[in-house]
Structure formats: structure tokens, C-alpha cells
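The values are calculated or read from the model by the stated rules, or taken from the named source; none is laboratory data. Everything numeric here is computed off the predicted structure, so don't read it as measured data. Methodologically, a virtual Cβ is constructed for each residue, glycine included, from the backbone with ideal geometry; neighbour enumeration extends over all protein chains shown.
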Amino acid sequence: MKVIVIGAGVTGCAIARELCRSQYEVTVLEKASDLCEGTSKANSGIVHAGFDAVPGSLMARLNVRGSELMEPLSRELDFAYRRNGAFVLCFEKENEPRLQELKERGEKNGVKGLRILTGDEVRAMEPQVSDKVTAALRAPTSGIVCPFELTIALGENAAVNGADFRFNTAVTGIRRKDNGWTLETSKGEFEADIVINAAGVYADRIHNMVSEEKMEIIPRKGEYCLMDKKLGGLVDSTLFQLPTQYGKGVLVTPTVHGNLMVGPTAVDIPDKENTATTAEGMAELLQRGAKSVKNLPLNQIITSFTGLRAHESHDDFIIGEAAGAPGFIDAAGIASPGLSSAPAIGEYVAEIVQSIAPAEKKENFIGARTGIPHVAGMSPEALHALIEKDPAFANVICRCERVTEGEILAAIHRPLGATTLDGVKRRTRAGMGRCQAGFCSPSVVEILARELGKDPGEITKAGGESRFITGYDKEGLA
Amino acid sequence: MKEHDLICIGCPMGCNMHVTIDEEGVFTVTGNTCPNGERYAKTELTKPQRQVTSTVRVLGGALDVVPVKTAAPVPKEKIFDCVRAMKGLAVPAPVDLGQVLSENLADTGVDLIATKAVGRK
Amino acid sequence: MKTQIVIIGGGPAGLAAAVSARKAGAEKVLILERSGELGGILNQCIHNGFGLHRFKEELTGPEYAARFIQMAKEAGVEAMTNTTVISVSPDRSVTAMSREKGVFTVEAGAVILAMGCRERPRGALRIPGLRPAGIYSAGTAQKFVNVLGRMPGKRVVILGSGDIGLIMARRMTLEGAKVLAVAELMPYSGGLKRNIVQCLDDYGIPLLLSHTVVDIRGKERVEGVTVARVDDKLKPIPGTEIEYDCDTLLLSCGLIPENELSYDLGCELSPVTSGPRVNERLETSIPGVFACGNVLHVHDLVDYVSEEAEAAGAAAAAFVLQGELPAGEPLRLVAASGVRYTVPSTIDPGRMGETQTVRFRVGNVYKDCRVAVYLGEERLRYIKKRIVTPGEMEQVILKKSELSGKTGELRFAIEG
């Protein structure tokens, strides 16, 4: 039984991994050069507790389930996750009843441990929370995760269990053929019995290739800024703002690697590739973020970025067989809390596939994965032992995040290894620190070229024409 | 009489100088804080010169290129002739610091020398 | 392992400090350098203009470095390259790692911080737009062109007129690229005047003062940038946009001392320089830990880095040979109107040498002004200056005789 998953983001990777538990022949088609190149790479990295979604919705069910699965999964697949808890901050007395509503909604969804605290109780736990906060909803099960690590871990593990990932392969057309599907792509045709559409902001285009019942995904642009690691300790919990008539508010959160993040804005845009940041967006989110905490040090921003959430007008995930397209399963409209829900979406889609085309469980499925060792967090003794085994772990390439050649080599030579600078960055954090790859990018280009047997001029930031080098010295002299 | 304002580049001080050249071609320089300023002003307004620094390809070296300089300043209008002349050069490793890599570069009468030692690969 | 002095960083500051410490009598001086060779960033600064003060001749970066590497060798300084320091403790034990030794600790009598600085990245500048390849800090481009022999782009716009940006405008031009413009946010350049003349004017490259980049286009590789004029609050003025078709944007928007180790060690840092606060011997708030060069504050000329580092080396040697000198009541240095900071932050007249160099930078361009130094109400200096600019470091040399027995504040100001 051949299953093709379109899209190697967190949703596609989670689905592929779950399918690999059974006797399916799984192929993942991805238009970019690596895993995690779309919505999955630019989001809040929050594992939401699940109080936000409408009770009874697919979103509510999969979010709560995903949140439960995340911790054991982080141990099984060795990615960074921390259950840091969240607050929804309320700034006006008159809005406090809405906290209660949110709490009741969460309880209906099955979220555990929700309680309402006074402003002072919040500040006792989080001293940097603004004095203007009158009350807050506490959600102890909320967590944070590294979205790259999660996606890459799922993808890698799927590959180890037999999934065939094809990168730089964009689906351009889908035809019904006999009882299955033929997919036209930029790299030739692929045949499948079952197709799963996990194409993120492009899921509407893929869906509309096969179904009469049209879908529209409108990217919702969210800008973020990331602050220096010195500030990760400013707050321990994720701080949401209670939505008001003035907007949804922005969150302030530590990341799982200890940076501080502020975001996102929310603007619906027509362009599915428009990941540009704007001066207005930055100003807006910093101003809104400053509402939550007392001293938001704006001079500590190390980078900003924009993510596009795959927002569909029904405000729920669309998961299931598309109308009039047997064996074509959508996993579309996976906006927030898509990251949190991913493990549950994987399970759910695998169940749907089983119901259409049952397959036996694989005996030899390997669920566990060991990630790349991270020198930065290691004890001197463990590091010494690692260097004795492989001296490349003593050669620091990225100073800011203390990433060594050993880690970069591991990132390149693992299953679905990195082939680009962004690929190395997302697997090792090289270039993610405060100098933002100023020092390490020439070295990473050289290492990638050497290890992949390429010329440095062929090495790209993220595939396509995103080359770092345009020629040799003096080549352009007339 | 001609007047010129120029910034001395003789050293990082960057003195703002005012230069007058009278009918007999006599220079009067003000604003300089050392004799180099006057010398620079005269050269700059009669035959401007620059020392050129660049790189030359190395064959079989620990580095692919070696940094180089013209051993002395060359006429300003010859700068691009100099780098074009370097384009065709490739030197085998090892390269010594101060090694002459090309004599009389681009007919300037000035040699091209290595500014760093590069060992073999 | 044990040694008298450990120096973290083998660039110009570390090398000069090491040589000076040996000359001052320290027997065992060890440099720990993270890269594969000594010389630091000078190795990629292949242009000339170094050493005019120091050697009275014009050297390139690698040549300047080679002279100090030779001096260090002759002075019997030990150096370990490819060795990264992980941490320094207040009792001056330095933990490092290398391929050969794994993780190891050196117990030192004194430590000199000489880690240098880094460039301010795009994120810190909050430049809006897309994130394609082709956006580099000027120093990254410098490494590609000067060390690897590869061009990072063909048509270039440079944001920021710091010295590395100006130098790279010329380097890229000489290597066959077209540099379209240098945009500078401030109404003045942050670089040396000689670099504006030699690197921009010589090649007809326009310097757009009071301009910034307001958009970056291109999905995979940069395809263009938009530059706009800014008002006196540094906000872009609509309608003044200039579009450039280019494949590269270089950023030269300031340098930041690299103080991770100092921060973790608990050194008191200056919010203005981002470097440690030091006393007259360039000793940080941690006894026996000294700092010099760009890790302390960003210098304009390497010649001054060497000079400062020699002072730190001598002070560290004195510390290990004689121990901590008895401390008196130090004078506190105050950066007043127009002066952004001073190095050092305090001077103990009882412990200072016969003279004390105070280095500082100004916050704006001042013409026909005076550098004034006050000790309480008493004016010690009133130095006439034709021009002072933020791009160039200033210095005042004070004498022991005029500070001896005094207490209170030493105030530095730009006047008139």
C-alpha cells in the first residue's frame, strides 16, 4: 500500500512517522530543500494547554491530546521540551469574567490544573509581570518546545523507519488513476494509493486539484522578535494576553533554549511567500509585549522573523477524506495550535488511513531516537569524554551558541542530514546566537562543501538560488 | 590661483587641509599638523598615488589565497591595472612573508609582495 | 596545569599583553586562542594603514600581526591555538577545551581578557524585509574575500559607514564587484576620514548620510534593497525611497565587545561600552582579572590596542609578582557632556604609574571644541580640538603629580 504525504513540516513528519508503524510504503514529497521550511520553522514554539479552542472542535481534542503526548515524545525522540506553564494576563478588572469563561472552556476541553490567580499572586510567581495585571489564568500544563527539533526528530525517525523523503519536489498536479492517484511533480510522476495533504499554506491548492468542494487557506502573517539569551530568565512562564476588543495580544515567552521571544502579530495576507518583517509590525509587537512585562529590553533583540499560519476560515483543523476524492486525505488549516497538536494529528490521520486501507503493524518499528549531542549544555566531564572519542567536538565553529564541528558533522551525516546552512542551523543552533552567523557562516559553508563533496560556491542558505558565494575574487574584473 | 580643500590620508588623523597654488605653481598648505600633510597635498594634487592591497591565488597552500600589497604606492590611475595583473597570477605554496610575487607590476615599476606566509596544504 | 598569567585571545591585544607581561618579569605566560592561528581579526584585515603610530610605517593587518607574533615567540610566550575557553572562575582558574587535551583547567595567578569584539547583526538593527541569502556583516564578507578568495556578491549596497564597511567597499570594488552606495543612518560617518577618502571617494561610491535600509527584497538571494532618508529622530521619511537592484547587502553598523566569559565570571560591565569596568591598571571588578583591546571597548586603531594591552600585561605581571597593591580611595571618572564613557572607570592615585592614559569616545561630531577635564572644581585640562567625532577615539594623559592625594570625581566633558 503506497502512501504519499505532501509536505515535510511538523504535520507531514508526524503523519509519516505514525504511518511507518504499519506496513505502508511511505513517501514524503517536499518542495523545499529540507524538513521544516514553512510554517513549522517560524512560530511561537508553544505547546498549548488547550483552553483556547472551541469545545467539541477537532482543534480542542487534538490540542489536548498533543499536549499530553509531547512530554513522553520528547524523551523518546530526544528533543528539547519544557513544561513551563502559562498565564493568560488580564489587565482590566471588567474583563476578569472572561478569564473564568476561558477556564471553563479549558475544563470542558479536558485541560487539567487551570486556576485563576490575582495579579499579586501572579507577580509572586513571575516578578517581572506588569503591575497593571489584575488577574490571570494559570495553565500549568502549557509547555515550550523547539519547533525545529520536534519536526526534524519526527522526520528523521520516520526516515529511519522507512519513509522515503524527496526534497526539492513540488507537486504541480494530481490525477485520479484507477483506484489511486498520480502526482505530477517538479521531479517526475509519483503513484500512490493514498495521498495525504499536509502542505501548510499551500494545502488549499493541493486540495483544489482533486476536490470540487473548494478550500481557501489565507496565510496569517505573524512577526516575532527574539532576544538575547541573557534575557531568557526574565520570565519563566509563557505570558499570553487576554484577547480584548483591541486585538488578540502578543505573547512573551522564554524559548526552550533560553532566549526570550515576543510575538506574533496577526495580519491576513494573500501572498503565501510573504515572510517579510515590517517596521510597523515590529513596533506594534514590542509595544504590546511591553504591556505584559515591566522591563522589556528592546536593545537586546538579536533577530526578528515572520511566520505564516495556515489559517482556514472555519477556524478548525480540516482533517479527513476530501469530498469526492477517495483516498485523498486533508490535514489542512493547521494553524495554531498545530505544533502542539502535531503528534495527535499524526495518530488521527494514521487511524483514518487504517480505516480506508488497513495494514499490519510493523514488528521492527524503532520509536526511539538519539539527537545530536549539544556541547553547550554538557558537563566538563561528559564533554571531555566526548572529545576523547571524537576530537571534532573540541572545535568550536559557532562561538555564540558554542556549537562544534562534531555537532555540524553529525547534522550533515544523520538520516535526512543537513545540506544547507539553515539546515545546519536548525539541527545544531550554529548561527542562532547573538552574532547571527557572522563568525560561523564562512566555516559552515566550508564544512558543508567538504562533507558533501561540493564546491563552496554551490552551498546555499536554504536551497534554490540562495547561494552564499557568487564567484572567485577578481572574476568580475573586466 | 587655485584653491583646494582636501583631507590628508597620510595617517588616521585625517587633517582637513586647505591648499592654494599660485600662478608660479607654489603650494601653500594650511590645516596640516605634520610635514606629511604638505607632502601628501602636493602629491595628491599633482600625481596622486595609492598602495594597492589585494589577494593572489595560491596553489597547494593551506589557504587558497595569499594577501598581497604593492611594495610602494602606485599612480592612482593604475590601481585597476594592478589588480587586473594580479588576476592572472597563481603562486605555488609555500609563500613567504615579503616574497616578491611579481616584479614591476603592470609596468608601475613597483613589485607585488606577499603580506603573509602561507604554508603547504 | 598552573601558570602565572593566562591570556584569553591571541589577537593584537592578547599578543601585546603577553609580550609586555614577559618583559615585566612574568615567567610563564600562556595565550589560549580559539582559532587555528595567532593574530586574530588582523589576519583578514589585509588592507594597509596599521602601525603608523607603533612602527612608524604603514603595514597591512597580517604584517602587523606577524611582528607581534614574532615578538611573542622571542619573548618565550606560550600559546595554544584551536583552544576555546569555556569558563573563568573568580579564583582565576580557566577551563578550556582543545582536540588534543579535551577539557582542561589552568590555574592562573592572573587572567587577561582579550577576546575582541563582534559585529552588530541585522536583527539588532531591526531592518525589515525578507531573509534571503546575500545579507552579511562586513566582517563576514571580509573573510570570504580576503581569506577564502571567494566573492559573496556582485552588486552591493552597504549599510553603515563603520571602518570595516568602508574598507569592504574598496575591497569588493577591487575584486570586481559593483558597490552602489553606502548608507549611513547618522548625519556623520562612524569611520575614519581617511577611509572615506580612500575607499569611497577614490572609487566614486556615494556615501548617503542620514539614510537607512527600509526594505530587503528577494526570496532566495537578495534582489534589491530600498534605502530612504531619515529625519532627525532617525525615522525614515516617506517619499525619499531609493531602490537599488543588488544581490548583496553588507552591514557595518557597529561592534560589540565579546564579553560572554566576563559576564559569566561576574565582571561588572559598562552598559555604554558593553565591556568590563576597569581601574587604572585595567583590572576588572574581579581581582587579578584584567581586560584590554576591543573586549574592553572598541578601538579605532590597532596601535592603541597594542598600547593598552601592554599596560594590561604589565599590570598583570605586577599582580602576580608583587600581589595586590594596597588600595586607596580611588577617583571616579565621570563621562559628562558629549563624552560617552571613559576607560578606566576609576583611578587610584596611590597605585597609578607616573602617567595615566584615559581613553574615551564622544557621542556626536563637535567642531572647534575643547576637551575639558575637571577634578572637582579644578580644571586640569582644556585641550583645543578642531574636530572630534564618534568614529575616533580620544585620549588624555594625566600625571600622578596632579592627582596624588586627591579624592572625588574626575569629570571629562566636551565644551565650547
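Looking across segment A:289-334, the residues that are aliphatic (A, V, I, L, M) and touching an Asp or Glu at 6+ places or on another chain (Cβ under 7 Å) come down to A:I302, A:I318, A:I319, A:A322, A:A323, A:I329, A:A332.
Suppose the filter is in contact (Cβ under 8 Å) with a residue 60 or more places away in the chain, more than 30 Å from A:T420 (Cβ to Cβ) and in contact with a strand residue (DSSP E or B) (Cβ under 9 Å, 6 or more places away or on another chain); does C:L185 pass it? Against the criterion (in contact (Cβ under 8 Å) with a residue 60 or more places away in the chain, more than 30 Å from A:T420 (Cβ to Cβ) and in contact with a strand residue (DSSP E or B) (Cβ under 9 Å, 6 or more places away or on another chain)), C:L185 qualifies. The set of residues from segment A:176-229 being out of contact with any helix residue (DSSP H, G or I) (no Cβ under 6 Å at 6 or more places or on another chain) and within 28 Å of A:A279 (Cα to Cα) comprises A:V201, A:Y202, A:I218, A:R220, A:K221, A:G222, A:Y224, A:C225, A:L226, A:K229. For C:G160, the criteria (1) at positive phi; (2) surrounded by fewer than 22 Cβ atoms within 10 Å (Cβ to Cβ) hold in every case but one, which is (2). Considering segment B:1-89, the qualifying strands (runs of 3 or more DSSP E), each wholly inside and each with 3 or more residues that are more than 10 Å from chain C (Cβ to nearest Cβ) and either without any contact (Cβ under 8 Å) to a residue 12 or more places away in the chain or not charged (D, E, K, R) (or both), run over B:16-21, B:27-30.
Across segment C:118-160, the qualifying residues are those that are in contact (Cβ under 8 Å) with a residue 24 or more places away in the chain and in contact with a Pro (Cβ under 6 Å, 6 or more places away or on another chain), and the one among them that is farthest from the other protein chains (Cβ to nearest Cβ) is C:A141.
Restricting segment C:216-235 to residues that are among the hydrophobic types (A, V, I, L, M, F, W, C) and over 16 Å from C:Y188 (Cβ atoms) leaves a set whose member that is nearest to the other protein chains (Cβ to nearest Cβ) is C:I216. Any residue that is within 11 Å of chain C (Cβ to nearest Cβ) and over 22 Å from C:G153 (Cα atoms) - is there at least one of those in segment A:435-456? No, segment A:435-456 contains no residue that is within 11 Å of chain C (Cβ to nearest Cβ) and over 22 Å from C:G153 (Cα atoms). A:G463 falls short of the stated requirement of being facing another protein chain (nearest Cβ under 10 Å) and touching a Cys at 6+ places or on another chain (Cβ under 6 Å). Applying a threshold of 7 Å to beta carbon distances and a minimum spacing of six or more residues, or different chains, the list of pairs starting in segment A:397-413 at a residue that is polar (S, T, N, Q) and ending at one that is assigned to a helix (DSSP H, G or I) reads A:T404/A:V375; A:T404/A:A392; A:T404/A:F393; A:T404/A:A394.
Scanning segment A:339-388 for residues that are within 14 Å of chain C (Cβ to nearest Cβ) and out of contact with any helix residue (DSSP H, G or I) (no Cβ under 8 Å at 6 or more places or on another chain) gives A:A376, A:G377, A:S379, A:P380, A:E381, A:A382, A:H384, A:A385, A:E388. Residue-level check: of (1) more than 9 Å from chain C (Cβ to nearest Cβ); (2) over 22 Å from the mean Cα position of the chain (by Cα), A:N299 misses just (1).
Using the structure shown, decide if A:V210 is of a type in the set (V, I, T) and in contact with a Leu (Cβ under 9 Å, 6 or more places away or on another chain). The answer is no for A:V210.
Counting only strands (runs of 3 or more DSSP E) that fall entirely inside segment C:33-107 and contain at least 3 residues that are of a type outside the set (D, E, K, R), buried (at least 17 other Cβ atoms within 10 Å of the Cβ) and within 14 Å of chain B (Cβ to nearest Cβ), the qualifying elements are C:48-50.
Being assigned to a loop (DSSP other than H, G, I, E, B), at the interface with chain C (Cβ under 8 Å from one of its Cβ atoms), at negative phi and among the polar types (S, T, N, Q) is a description that applies to A:T275.
Of the residues A:I319, A:I329, A:I334, the single one that is aliphatic (A, V, I, L, M) and within 30 Å of A:Q287 (Cα to Cα) is A:I334. In segment A:284-301, how many residues are farther than 23 Å from A:A136 by Cβ and either in a loop (DSSP other than H, G, I, E, B) or in contact with a helix residue (DSSP H, G or I) (Cβ under 7 Å, 6 or more places away or on another chain) (or both)? Selection size over segment A:284-301: 3. Residues of segment A:309-340 that are at pLDDT 95 or above and part of a strand (DSSP E or B): A:I318, A:I319, A:G320, A:E321, A:F328, A:I329, A:D330, A:A331, A:A332.
Could you please find all residues in segment A:111-158 being in a helix (DSSP H, G or I) and under 14 Å from the mean Cα position of the chain (by Cα)? Once the filter is applied, which keeps residues that are in a helix (DSSP H, G or I) and under 14 Å from the mean Cα position of the chain (by Cα), segment A:111-158 yields A:P147, A:F148, A:E149, A:L150, A:T151, A:I152, A:A153, A:L154, A:G155. Residue-level check: of (1) surrounded by 24 or more Cβ atoms within 10 Å (Cβ to Cβ); (2) within 9 Å of another protein chain (Cβ to nearest Cβ); (3) closer than 19 Å to B:C8 by Cα, C:I167 misses just (2).
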